[in-house]
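Right, one structure below, let's go through it.
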């Protein structure tokens with residue numbers, strides 16, 4: 001930012017204008033680093049579809065982890081932690 | 001022109017005229033007929049076009065249309081011819097490598113004329129109600145042409161700067177055309193919302209969500225997201241809209257996604273969850289990109305509202321999501337604070353761009369909770385007493401503060417390394433976790449112990 005600001009006067013002003021707009025947050029004509037097009041919600045290839053073609057038949061049970069217990073209790077971190085605590089346990 | 005109008009007539013009288021006519025009025029040639037636009041352009045010229053179209057419409061459509069409607073279509077199709085003319089010229093310029101601001105503006109202006117003419121003849125009632133959907137598609141092209149024109153103007157502008165005028169602050173503001181398009185879209189929106197036609201089957205109210213979605217997209221692009229709220233409010237306040245369930249799913253899912261996203265950006269996570277979950281459930285199963293976008297927000301949302309993480313099954317289904325979130329959630333599950341901090345820092349630019357950074361940052365509480373939970377689990381069980389079985393063994397609920405301190409030091413070691421956590425801070429973090437209801441218990445300072453609840457010491461985690 002500072003590098004650009006050392007340019008010509010006009011450039012400086014543009015940069016300052018950018019900054020102000022960022023501060024105002026919702027300024028109407030806010031200059032943007034545009035979201036890339038691929039980040040946009042796409043038009044669906046069809047207008048309407050049947051329930052069989054939604055996520056509903058698949059259900060929602062597989063989406064969210066039910067258990068916090070690591071399947072892999074031998075993982076480095078857990079093992080390390082247990083070792084660490086064991087050491088403490090003995091000193092008590 | 002007669003031949004071209006035959007195509008129009010077929011579209012007009014087909015069973016889905018809205019989409020068919022939109023195809024006829026498309027700014028892009030279909031893949032099976034790449035020369036369509038060039039061919040259409042050659043049918044007429046600037047001076048003759050209105051007369052040509054008028055004659056063709058009148059000979060072909062006289063029986064099907066009122067004089068008003070014929071006048072309306074004559075103007076719309078003439079405007080379309082002019083737009084095609086500019087598009088063809090812009091394409092030629094592109095082939096010669098001299099596509100620039102000028103061509104982009106010409107195309108935009110001509111398409112803007114077309115859209116405005118369409119709006120005019122719909123609002124004066126000359127065109128049938130279904131043209132509102134055709135208009136939505138036409139307006140969507142206006143959005144894309146406006147973006148293209150703005151980009152070309154932005155490219156051209158630095159040149160204007162160096163030409164002098166140090167007092168000129170910037171001439172045309174960025175996104176000028178897209179900003180102007182918003183006004184057109186708003187006109188279309190009120191055209192839909194305010195339709196008083198008594199026959200609901202013939203109402204433009206069916207276009208409400210379609211146009212709202214167009215406006216959402218534009219507001220997000222312009223980063224004037226707060227304006228979307230007014231849109232949602234005016235839809236909610238309109239009591240005589242057809243039931244939401246009756247709209248096509250493509251309109252509904254897009255609308256649900258954007259309302260969810262807006263709530264998310266405003267940190268109203270429980271509302272965001274409701275809308276995004278519905279969007280997910282109803283989403284077209286083959287639209288991978290859209291499903292991924294819904295989850296990009298629903299996952300951080302659930303992290304806050306339910307402290308839940310996605311299954312690896314879900315993440316594996318979407319390579320991009322896995323790349324985005326995989327590491328982060330591995331560290332969250334483990335309770336590895338330094339790993340979490342590292343993953344968050346590495347992903348920061350992308351998280352910020354997607355507006356999920358602050359939300360994800362808040363999940364550090366969960367990492368901490370999981371770490372403490374691991375300490376609790378590692379403490380093991382009380383010795384079995386007389387008559388007890390393996391099944392109803394009780395976990396040790398008194399755990400020395402020193403254990404938590406050691407776990408914290410271990411968890412924050414690594415990358416940073418220099419972070420030293422003193423004992424006061426350990427107590428502070430524990431107290432916060434208890435305060436946030438992530439952990440049930442209290443700190444006994446005189447014994448330097450944490451006393452945890454016998455049942456449900458870590459709510460919602462199974463222990």
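The values are calculated or read from the model by the stated rules, or taken from the named source; none is laboratory data. These numbers come from a predicted model, not from an experiment. Glycine also receives a Cβ, built like all others from the backbone with ideal geometry; neighbour counts cover every protein chain displayed.
When residue B:136 is evaluated against the numbered criteria (1) more than 30 Å from the chain's Cα centre (by Cα); (2) closer than 17 Å to residue B:204 by Cα; (3) part of a helix (DSSP H, G or I), which criterion, by number, is the only one it fails? It is condition (1) that residue B:136 fails.
Of everything in region B:243-268, what is away from chain A (no Cβ under 14 Å) and surrounded by 21 or more Cβ atoms within 10 Å (Cβ to Cβ)? Give them in sequence order. Correct list: B:263 only. Scanning region B:377-393 for residues that are assigned to a loop (DSSP other than H, G, I, E, B) and crowded, with 17+ Cβ neighbours inside 10 Å yields a single hit, B:379. Considering only region B:224-242, I want to know if a residue exists there that is buried (at least 20 other Cβ atoms within 10 Å of the Cβ), assigned to a helix (DSSP H, G or I), within 11 Å of chain A (Cβ to nearest Cβ) and within 19 Å of the chain's Cα centre (by Cα). Checking region B:224-242: not a single residue is buried (at least 20 other Cβ atoms within 10 Å of the Cβ), assigned to a helix (DSSP H, G or I), within 11 Å of chain A (Cβ to nearest Cβ) and within 19 Å of the chain's Cα centre (by Cα).
In the set (1) at pLDDT 85 or above; (2) within 30 Å of residue B:221 (Cβ to Cβ); (3) at the interface with chain B (Cβ under 7 Å from one of its Cβ atoms), residue A:43 fails one condition alone, (3). Elements of the type helices (runs of 4 or more DSSP H) sitting completely within region B:1-86 and holding at least 3 residues that are in contact with a helix residue (DSSP H, G or I) (Cβ under 8 Å, 6 or more places away or on another chain) and touching a residue at least 60 places away in the same chain (Cβ under 8 Å): these cover B:17-24.
Table: residues versus (1) farther than 23 Å from residue B:108 by Cα; (2) under 40 Å from the mean Cα position of the chain (by Cα); (3) surrounded by fewer than 20 Cβ atoms within 10 Å (Cβ to Cβ).
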site	(1), (2), (3)
B:22	no, yes, no
B:40	no, yes, no
B:43	no, no, yes
B:72	no, yes, no
B:82	no, yes, no
B:88	no, yes, yes
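Is one or more of the residues making up region B:192-215 in a helix (DSSP H, G or I), without any contact (Cβ under 8 Å) to a residue 12 or more places away in the chain and either touching a helix residue (DSSP H, G or I) at 6+ places or on another chain (Cβ under 6 Å) or surrounded by fewer than 19 Cβ atoms within 10 Å (Cβ to Cβ) (or both)? There is at least one residue in region B:192-215 that is in a helix (DSSP H, G or I), without any contact (Cβ under 8 Å) to a residue 12 or more places away in the chain and either touching a helix residue (DSSP H, G or I) at 6+ places or on another chain (Cβ under 6 Å) or surrounded by fewer than 19 Cβ atoms within 10 Å (Cβ to Cβ) (or both). With respect to the conditions (1) surrounded by 17 or more Cβ atoms within 10 Å (Cβ to Cβ); (2) more than 11 Å from every other protein chain (Cβ to nearest Cβ), residue B:364 falls short on a single one, namely (1). A single entry from B:374, B:370, B:432, B:437 fulfils the requirement of being on the phi > 0 side of the Ramachandran plot and either surrounded by 14 or more Cβ atoms within 10 Å (Cβ to Cβ) or away from every other protein chain (no Cβ under 14 Å) (or both): B:437. Select from region B:335-358 the residues that are in contact (Cβ under 8 Å) with a residue 40 or more places away in the chain, over 23 Å from residue B:260 (Cα atoms) and within 13 Å of another protein chain (Cβ to nearest Cβ) and write down the one among them that is surrounded by the fewest Cβ atoms within 10 Å (Cβ to Cβ). Residue satisfying both the conditions and the ranking: B:338.
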